[in-house]
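Enquirer: Have a look at this one before I ask anything.
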Amino acid sequence: MLKRAVFYLIGLLILSFGVSLTIVSDLGAGAWDALNVGLSNRIGLTVGSWVFIVGIILIVVNAFLRKHKPDYLAVITIFLVGSFIDFWLYMLSNLEPTGFLFKLLVLLAGMTLLSLGIATYLQAKFPVIPIDNLMLALQDRLGFKLMTAKMTGELIALVLALIFGGPIGLGTIIVTFGVGPIIQLFFPTMEKLYGKWVHEG
């Protein structure tokens, strides 16, 4: 259990650092992250607070779609992610990329770390981020294919992010289509690393 928790926490730390880099890149964040930034700018509270609030709403929506009890333990995951994002955004507050190339490098680094973090924290098989559960809920309830369900969730977030003035741009497109393949690239390696580490104990 302790080793699972370590993988889980390290994954969330890396994931949230990657999210924070995509936000500060100033090229446009992923749709859900752009929504949280837009809500923070328009209404107030920190970006991490909106990660938590939106996550709570999604937990309820997912429970309705899947006709299950709400995944209460996922509250821990979104609380940690929200807190870590606020921490990293504070640490990166002096980073202001200038020039397209520098911004692109920051965005790509963020997207890579975000993907690595997801591939890492999923190994622990603890409650997943409600955004990921939404994809599964849409698939179960509406009979969508996995990719269709994923894109439907992203489209919903994109529309809401535009409404609230979130940072939508080239980076949003890159993150939306780039994260999945990079997760698939990292996942087998992290799976082997996790299995080896756990079984050695």
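Enquirer: Just to check your reading of the model, which residue among Tyr121, Tyr72 is at pLDDT below 90, more than 22 Å from Thr189 (Cβ to Cβ) and of a type in the set (Ser, Thr, Tyr)?
Expert: The match here is Tyr72.
Enquirer: Quick check on my filter: what residues within the stretch 18-32 are farther than 15 Å from Ala109 by Cβ and either among the β-branched types (Val, Ile, Thr) or at pLDDT 95 or above (or both)?
Expert: none
Enquirer: I'd like the full set of residues that are closer than 13 Å to Phe17 by Cα and either of a type in the set (Gly, Ala, Ser) or open to solvent by less than 40 Å² (accessible area, probe 1.4 Å) (or both), limited to the stretch 87-99.
Expert: Listed by number, the residues that qualify are Leu89, Leu92, Ser93.
Enquirer: Quick test of your reading of the structure: Leu155 fulfils all but one of (1) open to solvent by 10 Å² or more (accessible area, probe 1.4 Å); (2) of a type in the set (A, V, I, L, M, F, W, C); (3) under 30 Å from Val198 (Cβ atoms). Name the failing condition by number.
Expert: So the condition that Leu155 fails would be (3).
Enquirer: Turning to a different aspect of this structure: Out of the residues in the stretch 25-49 that are open to solvent by 30 Å² or more (accessible area, probe 1.4 Å) and not charged (D, E, K, R), state the one that is farthest from the chain's Cα centre (by Cα).
Expert: Here the answer is Ile43.
Enquirer: Continuing with the same structure: Find the residue count for the stretch 1-16, including only residues that are open to solvent by 60 Å² or more (accessible area, probe 1.4 Å) and at pLDDT 95 or above.
Expert: Summing the residues that are open to solvent by 60 Å² or more (accessible area, probe 1.4 Å) and at pLDDT 95 or above in the stretch 1-16 gives 1.
Enquirer: Please pick out the residue among Phe52, Phe102, Phe84, Phe64 that is open to solvent by 30 Å² or more (accessible area, probe 1.4 Å), under 26 Å from Leu193 (Cα atoms) and either of a type in the set (A, V, I, L, M, F, W, C) or out of contact with any Ser or Thr (no Cβ under 9 Å at 6 or more places or on another chain) (or both).
Expert: Exactly one of Phe52, Phe102, Phe84, Phe64 is open to solvent by 30 Å² or more (accessible area, probe 1.4 Å), under 26 Å from Leu193 (Cα atoms) and either of a type in the set (A, V, I, L, M, F, W, C) or out of contact with any Ser or Thr (no Cβ under 9 Å at 6 or more places or on another chain) (or both), namely Phe84.
Enquirer: Would you confirm whether any residue within the stretch 170-192 is of a type in the set (Gly, Ala, Ser), surrounded by 15 or more Cβ atoms within 10 Å (Cβ to Cβ) and at pLDDT 90 or above?
Expert: yes
Enquirer: Right, another one. Got a sec? Which of Ser49, Ser40, Ser25 is hydroxyl-bearing (Ser, Thr, Tyr) and touching an Asp or Glu at 6+ places or on another chain (Cβ under 9 Å)?
Expert: Numbers: Ser40 fails: touching an Asp or Glu at 6+ places or on another chain (Cβ under 9 Å); Ser25 fails: touching an Asp or Glu at 6+ places or on another chain (Cβ under 9 Å).
None of the other options fit; the residue is Ser49.
Enquirer: Follow-up question, since we're still on this one. Taking the stretch 117-135 only, how many residues are aliphatic (A, V, I, L, M), open to solvent by 40 Å² or more (accessible area, probe 1.4 Å) and closer than 28 Å to Lys196 by Cβ?
Expert: Total meeting the criteria: 1.
The values are calculated or read from the model by the stated rules, or taken from the named source; none is laboratory data. Quick caveat: nothing in here was measured; it's all calculated off a predicted structure. Positions of Cβ are backbone-derived with ideal geometry, glycine not excepted, and every protein chain shown enters the neighbour counts. Side chains included, ligands, DNA and RNA excluded: accessible areas come from the protein's heavy atoms. Shrake-Rupley method; radii C 1.70, N 1.55, O 1.52, S 1.80 Å.
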